[in-house]
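Structure record follows, encoded as structure tokens.
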Amino acid sequence: GENVEQHPSTLSVQEGDSAVIKCTYSDSASNYFPWYKQELGKRPQLIIDIRSNVGEKKDQRIAVTLNKTAKHFSLHITETQPEDSAVYFCAASRGSTLGRLYFGRGTQLTVWP
Amino acid sequence: EADIYQTPRYLVIGTGKKITLECSQTMGHDKMYWYQQDPGMELHLIHYSYGVNSTEKGDLSSESTVSRIRTEHFPLTLESARPSHTSQYLCASSDLTSDSYNEQFFGPGTRLTVL
């Protein structure tokens with residue numbers, strides 16, 4: 001099956017700085033890569049996703065990049081704010097009807113005011 | 001309002017008891033999932049289902065069972081609870097279309113403590 005590695009496990013940044021979280025995957029057939037954000041005591045929610053036919057996708061202060069050759073993808077958060085503090089999970093999927101998501105272990109992001 | 005509901009939200013139970021965690025969704029989704037998660041930690045897929053009468057094992061399925069008799073309902077049963085089952089259990093659902101580029105929506109979770 002797929003194996004998704006996520007780094008770092010914890011990340012602390014000053015408000016206004018950028019944060020980058022990186023994931024690698026093992027299955028070359030994976031073609032869908034979502035990112036979920038889980039705030040303390042709340043349920044995970046999708047914040048951005050990317051398909052393998054796209055190299056980069058942006059949504060306001062967040063962006064995701066994908067390198068299919070190297071089998072890695074990254075989440076970039078610019079101008080971080082305290083409300084960005086949460087656990088972020090990357091995931092990979094084959095994008096088929098019978099597919100499932102394989103999650104990374106999560107990154108605890110703390111943004112200090 | 002379309003949502004995913006889980007009951008109970010908190011459960012404290014003794015070792016050896018049989019328990020069923022309930023999950024219902026009004027999202028109109030076909031696919032449903034159960035995850036085990038210690039707070040803020042890795043999400044472990046336990047079971048999933050593509051629709052009525054469909055169930056698949058995930059990565060932590062050996063000590064639990066699920067059923068899918070109705071589209072909106074996906075209960076998880078632990079036949080004999082153990083302290084190692086102490087964790088949070090998250091139910092999720094997603095649309096079933098020609099691909100799986102579909103957002104998974106999560107329920108609020110059940111926090112289980114086994115004494």
* **For chain A, accessible area per residue (1.4 Å probe, heavy atoms of protein chains only), Å²** => 51 Å²
* Whole-percent carbon and sulfur share, accessible surface of the protein assembly as shown, 1.4 Å -> 48 percent
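Please compute the net charge surrounding B:SER80, taking Lys and Arg as +1 and Asp and Glu as -1 over other residues with Cβ under 10 Å from its Cβ. Mind dumping the intermediate values first?
Details: positive: B:LYS17, B:LYS18, B:ARG82; negative: B:GLU63, B:GLU79.
So the surrounding residues net to +1.
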* **Threshold 40 Å², segment A:28-52 residues less accessible with all protein chains present than alone (1.4 Å probe)** => A:TYR32, A:TYR36, A:GLN38, A:ARG43, A:PRO44, A:LEU46, A:ARG51
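Express the accessible area of segment B:40-115 per residue in Å², computed with a 1.4 Å probe while the remaining protein chains stay in the model.
On the way: 3290 Å² over 76 residues.
It amounts to 43 Å² per residue over segment B:40-115.
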* Asked: Which residues of segment B:30-47 bury at least 50 Å² of accessible area once all protein chains are present, versus their chain alone (1.4 Å probe)?
  -> B:GLU42, B:LEU43
* To do: Classify segment B:21-78 as rounded, prolate or oblate from the Cα gyration tensor: take a ≥ b ≥ c as the square roots of its eigenvalues, call it rounded if a/c is under 1.5, otherwise prolate when a/b beats b/c and oblate if not.
  => prolate
* Sketch the reach of a paramagnetic label on B:ASP59 as a point 7 Å from Cα along Cα-to-Cβ, and name the residues of segment A:54-95 whose backbone nitrogen lies under 15 Å away. => A:89-94
* Asked: Which semi-axes, in whole Å and largest first, does the equivalent ellipsoid of segment A:1-72 have when worked out from the alpha carbon gyration tensor as the square roots of 5 times its eigenvalues?
  -> 22, 15, 13
* Asked: If you line up the Cα atoms of the protein assembly as shown on their principal axes, what length do they span on each, largest first, in Å?
  -> 49, 41, 35
* For segment B:17-115, what size does the Cα cloud have along each of its three principal axes, sorted from largest down, in whole Å? -> 43, 28, 23
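Among DSSP bridges having both ends in chain B, what percentage is antiparallel? Round to the nearest 5. Don't skip to the answer; put the middle values down first.
On the way: 30 of 34 bridges.
Given both bridge residues lie in chain B, the antiparallel proportion sits at roughly 90 percent.
Other chains near A:99-110: what is the mean number of their Cβ atoms within 10 Å of each residue's Cβ? Show your work: numbers first, answer last.
On the way: counts 5, 10, 10, 3, 6, 2, 3, 5, 0, 2, 0, 0.
Average neighbour count from other chains, rounded to a whole number: 4.
What total accessible surface area, summed over both chains, is buried at the interface between chains B and A, computed with a 1.4 Å probe and given in Å² to the nearest 100? If you can, show how the numbers build up before the last one.
Numbers: alone 6340 and 6790 Å², together 11030 Å².
So the buried area, both faces added, is about 2100 Å².
Counting only DSSP beta bridges with both residues in chain A, tell me the antiparallel percent, nearest 5. Write out the running numbers ahead of the final one.
On the way: 36 of 41 bridges.
The answer is about 90 percent antiparallel.
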* Alpha-carbon centroid distance for the pair segment B:57-85 / segment B:42-56, whole angstrom -> 9 Å
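Which entries in B:LYS31/B:LYS57; A:LYS42/B:LYS17; A:LYS22/A:LYS68 show an alpha-carbon gap greater than 19 Å?
Working: B:LYS31/B:LYS57 13 Å; A:LYS42/B:LYS17 28 Å; A:LYS22/A:LYS68 14 Å.
Correct reply: A:LYS42/B:LYS17.
The values are calculated or read from the model by the stated rules, or taken from the named source; none is laboratory data. Computed from a predicted structure; not experimentally measured. Cβ coordinates were reconstructed from backbone atoms using ideal geometry, including for glycine residues, and neighbour counts include every protein chain displayed. Areas reflect the complete protein model, heavy atoms only, side chains present, ligands, DNA and RNA absent. Shrake-Rupley method; radii C 1.70, N 1.55, O 1.52, S 1.80 Å.
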